[in-house]
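No value in this document is a laboratory result; all are computed from the given coordinates. This structure is a prediction, so every number in the text was calculated from the model and none was measured. Positions of Cβ are backbone-derived with ideal geometry, glycine not excepted, and every protein chain shown enters the neighbour counts.
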Amino acid sequence: MESHTADENLMAALAHLGVIIPFWGILAPVIVWAMHRDRSGFVRAHAIQAIGWQALLIPPWVLMWAGMSFLLFGTMLYVARGVPPPELYLPFGFMGAYGLLSLVFMVVGLVGAYRAFQGSLYRYPFIGHRLDRFNQ
């Protein structure tokens, strides 16, 4: 295992910690990557991993909000009849599913931050090896 400075470990960990800010957290690894892409291969590799991981959560976020909005506003038309339809509760199912997905993403991202802070390279499940080609 190669040795990295404490600053490199910290910046690599900060790239992963953006995962705790839903949707906008992708800015943290982008900023870290932009600042350190030419200075440290270790930080660059972690920032690329974090960008890829957090970008995976954007399509489910958009689908969840679109589906929730459609269902919520569509079923509000039926509430005037006095009996809420069963579809009224579907937006809460979308929110719950997205909440669980976000929790899993956050835990895996925090593991990445911990491993980066310890000085080891962390690759995210399913996409980590695919993102290595961007770290040239």
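So the label point goes 7 Å from the Cα of VAL30 along Cα→C-beta, right? Which residues of the range 37-64 then have their backbone N under 15 Å from it?
Residues 47-59 qualify, since their backbone N sits under 15 Å from the label point.
Under 1.5 on a/c is rounded, so check that first for the range 1-70, then, if it is not, pick prolate when a/b is larger than b/c and oblate when it is not; a ≥ b ≥ c are the square roots of the alpha carbon gyration tensor eigenvalues.
Numbers: a/c = 3.25, a/b = 3.13, b/c = 1.04.
Since a/c reaches 1.5 and a/b is larger than b/c, the shape of the range 1-70 is classed as prolate.
Let me have the 222 nm mean residue ellipticity of the chain computed from DSSP H runs of 4+ only, each contributing -39500 (n - 2.57), with the sum over all residues rounded to the nearest 500.
Working: 6 runs with 91 residues, N = 136.
Computed mean residue ellipticity for the chain: -22000 deg cm²/dmol.
Would you mind checking the tilt of helix 58-79 against the longest principal axis of the Cα atoms of the chain, expressed as 0 to 90 degrees and rounded to 10?
Here the helix axis deviates by roughly 10 degrees.
Any idea what the relative contact order of the chain is, in percent, if you count C-alpha pairs under 8 Å spaced at least 6 apart?
Relative contact order here is 33 percent.
On average, how much area does the Cα convex hull of the chain cover when viewed from any direction, in nm²?
9.0
Could you state the angle between the C-alpha long axis of helix 90-117 and the longest principal axis of the C-alpha atoms of the chain, as a value from 0 to 90 degrees rounded to the nearest 10?
Taking the Cα atoms of the chain, the angle to 90-117 is about 10 degrees.
With axes computed from alpha carbons, what is the tilt in degrees of helix 6-17 against the longest principal axis of the chain, rounded to the nearest 10 within 0 to 90?
It works out to around 10 degrees.
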